[in-house]
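Read through the structure below, which is laid out as structure tokens, and then see the notes.
The values are calculated or read from the model by the stated rules, or taken from the named source; none is laboratory data. Quick caveat, the model's predicted, so the values are computed rather than measured. Don't worry about glycine lacking a Cβ; one is built from the backbone with ideal geometry, like all the others, and counts go over all protein chains shown. The protein model used for the area step is the full one, side chains on, heavy atoms only, and it has no ligands, DNA or RNA in it. Shrake-Rupley method; radii C 1.70, N 1.55, O 1.52, S 1.80 Å.
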Amino acid sequence: MAGTAGTPGTPRVLRAMNDRAALDLLLEHGQLSRTRIGKLTGLSKPTASQLLARLEAAGLVLATGTTEGRPGPNAQLYEVNPTAAYAAGLDVTPERILAAVSDITGRTVGSYELPTPGRRPAQPVVRQVTDALDGAVKAAGLARDDVHRLVIGTPGAFDPNTGRLRYASHLPGWHTPALLDELAAALPMPVEYENDVNLVAVAEQRLGAARGHEDFVLLWNEGGLGAALVLGGRLHRGWTGGAGEVGFLPVPGTPLVRQVTKANSGGYQELAGSQAIPRLAREIGMSSVPSTPYAEAAATLVERAAREDTALNRLLLQTYATRLATGLASLVSVLDPELVVLSGASLTAGGEVLRALVQSELEELAASRPRLVVGDVHEHPVLRGALESALATTRDEVFNTSR
């Protein structure tokens, strides 16, 4: 931005820095006048006018209207051109692939859901991915070539050393050694792959409960139990991409699970994962345990227990909170995070009641005492995180006017 003392660089680089600052302000605030952009950036009126003319000629901003209802002449308003670029995200589970396309402002312009039931994929994974993406692209009124970047979120993680998907043996068809090469050949845009829980953390950091926090842990409990670790504002993925696979964590209260990758489970998953909640409800004598799939049943039980104050519901929530805090105590003892975000339906369903119980238990079990909050991104958080991740890189590339 203008006025930064000692900022090195050529005039072209400095102009590009001011351009990006103005574009980021337009993304944050929406429509702004030249005068307002000048005040927010510290640029003079002539410089702000030149900047806007430059961005308008580059197709990055649009003149959209004028101010009304104020003394003096109406001022021209500008906004980021939403059609400057598009990004896409995919959320992959064994049951379905959710796809969405967003314009560069972050507005979702097309979405599509492709069912993928069964232990063996009815179609090759490459076909599933392209069909899901094409469905969202068609819904947006675009072509596949219009998408600047795609981010795919999956359970587990692709090992950066081998290109193989690890920690997700329950995802059929995604373990072919050449899969990443086949997808790269089939798609015209750059493709990135990210762990699903990491993408939820991206969504919470940019849009939700973790905004403004550089160090936090996100605990996710839905189909599986996992965590995302954000340290110094960056995701920590680990050597094999498996950082945060805390479902495999050995914890007190369950027998040791050996050969965890073959079992696709571990101590913490067995103790506090979604599948443990219906089992716990039956053990304590609850008669009305839903017969729906375990993740859905767990969320229903937790939501009901938080809403209806009965002895059995209190016992269910307190036992669940103790189990959750047991694994969290190990995480916070090592990482000492500022914040812990609780996300996934089996956690968010308990709302403030469950959060307070886990917070109380954690303060008894761990030396450090991070603040616990419930996640704010409720609708398709994995997909939202995939879009946010794709948009961040897309904006860096498209908004770079130094070239």
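If you average the sequence gap of Cα pairs under 8 Å that are 6 or more apart and divide by the length of the chain, what percent do you get for the contact order?
Relative contact order comes out at 16 percent.
Once the Cα atoms of helix 381-398 and of the chain are each reduced to a long axis, what angle between those two axes, in degrees from 0 to 90 to the nearest 10, is obtained?
Between helix and principal axis, roughly 30 degrees.
By per-residue mean of other Cβ atoms within 10 Å, what is the highest-first order of 287-300, 148-161?
Top of the packing list down: 148-161, 287-300.
What translational diffusion coefficient, in µm²/s and rounded to a whole number, does the Stokes-Einstein relation yield for segment 145-250 at 10 °C and a viscosity of 1.306 mPa s, taking the hydrodynamic radius as the Kirkwood radius over Cα pairs?
In µm²/s, the coefficient is 108.
Suppose the Debye formula is applied to equal point scatterers at every Cα of segment 177-320; what is log10 I(q)/I(0) at q = 0.14, 0.16, 0.19 Å⁻¹?
Here log10 of I(q) over I(0) equals -0.85, -1.01, -1.18.
Count the net charge of all other residues whose Cβ sits under 13 Å from the Cβ of V61, scoring Lys and Arg as +1 and Asp and Glu as -1.
Around V61, the charge tally is -1.
Just the number: Rg to Rh for segment 276-384, Cα atoms, Kirkwood Rh, two decimals. Spell out each step's value before the answer.
Details: Rg = 14.1 Å, Rh = 14.4 Å.
Expressed as Rg/Rh, it is 0.98.
Can you give the Rg and Dmax of segment 74-220 based on its C-alpha atoms, in angstrom?
Here Rg and the maximum Cα pair distance are 16.7, 62 Å.
Which translational diffusion coefficient, to the nearest whole µm²/s, is obtained for segment 20-123 from the Stokes-Einstein equation, given a Kirkwood hydrodynamic radius over C-alpha pairs, 37 °C and 0.692 mPa s?
Details: Rh = 16.2 Å.
Calculated translational D: 202 µm²/s.
For the chain, what is the mean residue ellipticity at 222 nm derived from helices alone (per DSSP H run of n ≥ 4: -39500 (n - 2.57); sum divided by total residues; nearest 500 deg cm²/dmol)?
Result for the chain: -13000 deg cm²/dmol, rounded to the nearest 500.
What is the ratio of the Cα radius of gyration of segment 75-133 to 2.2 N^0.38 Å, with N the residue count, to two decimals?
Working it through for segment 75-133, the quotient is 1.53.
Give me the number: length gained by fully extending E352 to D215, i.e. 0.36 nm times residue separation minus the C-alpha to C-alpha distance, one decimal in nm.
Numbers: separation 137, 0.36 × 137 = 49.32 nm, distance 2.20 nm.
Extra length available between E352 and D215 comes to 47.1 nm.
By how many degrees, between 0 and 90 and to the nearest 10, does the Cα long axis of helix 196-207 differ from the longest principal axis of the chain?
Here the helix axis deviates by roughly 50 degrees.
Just to confirm the number: angle between the C-alpha axis of helix 311-335 and the first principal axis of the chain, 0 to 90 degrees, nearest 10?
That works out to roughly 60 degrees.
L365 to R258: extension gain in nm, 0.36 nm per residue of separation minus the Cα-Cα distance?
Working: separation 107, 0.36 × 107 = 38.52 nm, distance 2.55 nm.
Additional length available on full extension: 36.0 nm.
Using a Förster distance of 60 angstrom, determine the FRET efficiency expected from the C-beta separation of T10 and T176, and round it to 0.05. Walk me through the numbers before you get to the answer.
Numbers: r = 47 Å, r/R0 = 0.79.
That gives a FRET efficiency of 0.80.
Per residue, how much space in cubic angstrom lies within the convex hull of the C-alpha atoms of the chain? Before the final figure, lay out each step's value.
Numbers: hull volume 74.1 nm³, N = 403.
Per-residue hull volume (Cα only) is 184 Å³.
With the crude spin-label approximation of a point 7 Å out along Cα→Cβ, what separation in nm comes out for S169 versus S288?
Result for the modelled spin labels: 3.9 nm.
So how far apart, in nm, are the two label points at H236 and D336 if each is 7 Å from Cα heading toward Cβ?
Label at H236, label at D336, 1.2 nm between them.
Semi-axes of the equivalent ellipsoid for segment 11-62, please: Cα gyration tensor eigenvalues, times 5, square-rooted, ordered largest first, whole Å.
Equivalent ellipsoid of segment 11-62: 14, 13, 11 Å, largest first.
Out of the total accessible area of the chain (probe 1.4 Å, heavy atoms of protein only), what percent is carbon and sulfur?
Details: 9470 of 18750 Å².
Solvent-exposed carbon and sulfur of the chain make up 51 percent of the total.
For the pair H29 and A186, how long in nm is the line joining their label points, each one 7 Å along Cα→Cβ?
Here the modelled spin labels are 4.5 nm apart.
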